[in-house]
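In what follows, a single structure is set out as structure tokens and then discussed.
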Amino acid sequence: MTADQLLPLLWQAFLETAWMVMVALAVGGVCGLAIGMGLYLTRPGNLLANRPVFAVLNLAVNIVRPIPFIIFLVALGPVTRAVVGKTIGIEAFAFAMCVMSSFVFARLVEQNLVSIDPGVVEAARAMGASPLRIVRTVLIPEALSPLILGTTFLFVGVLDMSAIGGYLGAGGLGDFAIQYGYRQFDWGVTAVVVAIIIVIVQLVQWLGNTLARRALRR
Amino acid sequence: MPTATGETIISFREAAKVFDGRKGAEVRAVDGVTLDVRAGEIFGVIGYSGAGKSTLVRLVNALERTTSGAVVVDGTDLTGLSEARLRPVRAGIGMIFQQFNLLSSRTVAGNVAYPLEVAGWSAARRRERVRELLDFVGIADKADVYPAKLSGGQKQRVGIARALATNPKILLADEATSALDPETTHDVLALLQRVNRELGITVVVITHEMDVVRSICHRVAVMEHGKVVELGDAYQVFSAPTQEVTRRFVSTALKDRPSVAVIERLRTRHAGRIVTVGVDDVTGSSAHVTHVLREHGVDGTIVYGGITEVAERPYGSLTVELVGPDDAVRAALAGLRSVTDVVDHGTARDPLGAPDEGNDR
Ligand SMILES: Nc1ncnc2c1ncn2[C@@H]1O[C@H](COP(=O)(O)OP(=O)(O)O)[C@@H](O)[C@H]1O
Ligand SMILES: [Mg+2]
């Protein structure tokens with residue numbers, strides 16, 4: 001195929017990837033923050049210590065996180081059908097990405113929160129702050145820098161998941177590289193996709209590092 | 001001078017805190033403490049690491065709840081209060097920490113404003129109050145700096161400003177100077193003293209350093225294994241400790257009394273009779289000693305000792321070589337004994353005193 005024919009297809013694939021990644025990043029970011037915060041708060045000895053809740057959350061994260069995404073995609077099928085209404089297409093695929101990224105990010109968030117000096121939480125408690133206020137004004141601001149880096153890490157992870165979008169007919173850059181590069185023996189097309197992905201990852205990494213450094217307040 | 005009114009502001013009644021240790025073993029961190037802290041005083045709690053001091057002080061603002069007994073703060077029994085009801089109680093008690101515990105994501109001003117935000121002050125009032133507080137602790141120029149840029153002493157000043165923000169009646173200081181060098185420790189203790197005197201705030205000072213108690217505390221409780229083993233005026237506890245643990249603490253802050261080894265050397269170095277005479281707020285200085293010696297025609301040379309202040313009153317001892325005719329020395333000793341406490345170490349030829357006398361220090 002000629003470049004004139006390929007270019008619109010490439011743009012289409014780029015938009016599909018951008019959409020999937022943004023949705024999964026947004027949903028995974030919010031849900032992951034919530035689950036990770038829940039893990040941290042309910043851990044024995046912490047602010048809202050609750051052994052059963054902690055055990056359930058911890059187990060869920062431990063089960064979901066290590067499953068290879070391509071297998072998780074299939075295993076989640078019934079849930080995807082119940083929520084999205086179908087198991088094929090970009091929506092179904094993005095849904096699976098959202099679920100997986102939530103659990104991946106949850107553990108990252110929890111690990112970042114654990115590194116906060118418990119003395120600071122104690123000081124806020126001693127000043128009469130409620131748990132919700134502590135989450136809002138102590139935990140998130142104090143862990144902001146690693147949370148930004150965690151989000152950068154999540155972005156790369158989500159981009160990685162999006163590469164197999166072709167399996168569910170979700171398209172995207174990965175699908176484009178396979179269809180028009182690999183299958184057509186056109187190494188040039190593959191190289192262009194790889195270059196685009198490298199540029200995006202570098203840009204996001206740079207942005208994350210810059211913001212994280214600014215949030216560090218040192 | 002103490003501003004204590006004698007009214008009780010914090011009352012522990014058989015208060016106990018038992019933690020579930022590992023493998024079901026119980027840790028009795030605070031074990032049946034009954035104790036009153038009076039309004040307006042600086043009250044010290046001293047003990048070795050693990051004695052239960054932090055747990056005791058955390059019962060006051062209910063960061064820990066008693067497992068039995070009661071803690072009454074400013075007329076409110078904290079026992080059984082809900083978490084929501086405890087929050088205003090906590091907001092009315094200031095607390096400072098060994099590691100300062102400042103929010104690294106906020107400037108100095110932002111840290112001091114935090115408790116005011118919790119208490120719902122308007123932004124304008126907060127700004128004014130923060131400025132006032134930073135002036136009081138002497139770091140007004142650091143308002144817009146982040147804590148990472150401050151020295152330990154400056155951080156603790158921020159901690160103190162933050163703790164005082166909502167005009168608390170009580171300030172709890174858990175090892176507030178333990179991470180600071182001696183000079184900074186001195187400055188921070190002086191600031192705590194100002195907080196007590198100028199603002200009339202009751203200060204509870206937790207420490208493992210007797211020097212802290214010596215320099216600012218009016219009264220002190222000595223803790224060991226979760227129990228208060230000695231309690232009284234700082235001066236009295238220093239001058240007449242009744243417990244072994246107290247004696248060990250006192251000896252770390254007062255270095256005026258010679259050890260057995262030092263006495264040994266003093267006796268070989270000086271031919272006369274070596275005696276240690278106490279100096280307290282009754283004798284005040286060495287004037288009495290000089291007077292008695294002159295009366296009996298005995299020469300006295302100071303060979304060891306020191307006079308310092310405990311709770312702002314003079315305290316210490318002088319070790320003196322007495323030279324003169326035997327009778328005169330004996331009479332002078334009797335004379336000294338009538339004005340102060342005297343330990344007679346004898347001479348090299350005729351040493352006196354039990355081997356453990358004078359403490360090993
Ligand atoms: N949250 C806790 N869980 C279990 N044991 C604790 C806890 N806090 C303190 N302890 C134990 O209680 C005892 C007293 O501790 P603490 O009050 O911190 O002593 P101090 O401040 O005098 O060093 C120690 O043996 C400590 O290990
Ligand atoms: Mg302690």
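Assorted remarks:
- Flag for residue B:265 being open to solvent by 40 Å² or more (accessible area, probe 1.4 Å) and in the same structural domain as residue B:342 (by TED's automatic domain parsing): yes
- Only a single criterion out of (1) within 14 Å of another protein chain (Cβ to nearest Cβ); (2) under 30 Å from residue A:85 (Cβ atoms) is not satisfied by residue A:167, namely (1).
- Top-ranked residue in region B:1-31 [being open to solvent by less than 20 Å² (accessible area, probe 1.4 Å) and over 15 Å from residue B:203 (Cβ atoms); ranked as nearest to ligand 2 (Cβ to nearest atom)]: B:29
- Any hit, region A:149-163, residues being within 14 Å of chain B (Cβ to nearest Cβ) and over 19 Å from residue A:18 (Cα atoms): no
- Flag: residue B:34 does not match the condition of being of a type in the set (Ser, Thr, Tyr), farther than 29 Å from residue B:198 by Cβ and either surrounded by 18 or more Cβ atoms within 10 Å (Cβ to Cβ) or not assigned by TED's automatic domain parsing to the domain that holds residue B:192 (or both).
- Qualifying residue in region B:315-325 (condition: in a strand (DSSP E or B), exposed (fewer than 14 other Cβ atoms within 10 Å of the Cβ) and touching an Asp or Glu at 6+ places or on another chain (Cβ under 9 Å)): no
- Qualifying residue in region B:55-66 (condition: out of contact with any Lys or Arg (no Cβ under 9 Å at 6 or more places or on another chain) and assigned by TED's automatic domain parsing to the domain that holds residue B:87): yes
- Given (1) open to solvent by less than 40 Å² (accessible area, probe 1.4 Å); (2) closer than 30 Å to residue B:205 by Cβ; (3) of a type outside the set (Asp, Glu), number of the condition residue B:303 does not satisfy: (2)
- Hits in region A:106-119 - residues which are part of a helix (DSSP H, G or I) and open to solvent by 10 Å² or more (accessible area, probe 1.4 Å): A:107, A:108, A:111, A:112, A:114, A:118, A:119
- Qualifying residue in region B:126-140 (condition: more than 11 Å from chain A (Cβ to nearest Cβ), on the phi < 0 side of the Ramachandran plot, aromatic (Phe, Trp, Tyr) and in contact (Cβ under 8 Å) with a residue 24 or more places away in the chain): yes
- Scanning region B:37-55 for residues that are of a type in the set (A, V, I, L, M, F, W, C), more than 8 Å from ligand 1 (Cβ to nearest atom) and crowded, with 20+ Cβ neighbours inside 10 Å turns up B:37, B:42, B:43, B:45, B:46.
- Taken over region B:141-158, residues that are touching a residue at least 24 places away in the same chain (Cβ under 8 Å) and part of a helix (DSSP H, G or I) amount to 9.
- Any hit, region B:107-116, residues being within 23 Å of residue A:117 (Cβ to Cβ) and open to solvent by 50 Å² or more (accessible area, probe 1.4 Å): no
- Here the condition is being in the same structural domain as residue B:36 (by TED's automatic domain parsing), within 16 Å of ligand 2 (Cβ to nearest atom) and surrounded by 19 or more Cβ atoms within 10 Å (Cβ to Cβ); of B:177, B:185, it holds for B:177 alone.
- Those residues of region B:189-217 which are open to solvent by less than 30 Å² (accessible area, probe 1.4 Å) and within 16 Å of ligand 1 (Cβ to nearest atom), in sequence order: B:204, B:205, B:206, B:207, B:210, B:212, B:213
- The set of residues in region B:148-174 being open to solvent by 20 Å² or more (accessible area, probe 1.4 Å) and more than 11 Å from chain A (Cβ to nearest Cβ) consists of B:151, B:152, B:154, B:155, B:157, B:167, B:169.
- Filter pass, residue A:125 being surrounded by 14 or more Cβ atoms within 10 Å (Cβ to Cβ) and among the basic types (Lys, Arg): yes
- Restricting attention to region A:100-139, the residues that are among the aliphatic types (A, V, I, L, M) and more than 9 Å from chain B (Cβ to nearest Cβ) add up to 12.
The values are calculated or read from the model by the stated rules, or taken from the named source; none is laboratory data. This is a predicted model, so every value here is computed, not measured. Cβ coordinates were reconstructed from backbone atoms using ideal geometry, including for glycine residues, and neighbour counts include every protein chain displayed. Side chains included, ligands, DNA and RNA excluded: accessible areas come from the protein's heavy atoms. Shrake-Rupley method; radii C 1.70, N 1.55, O 1.52, S 1.80 Å.
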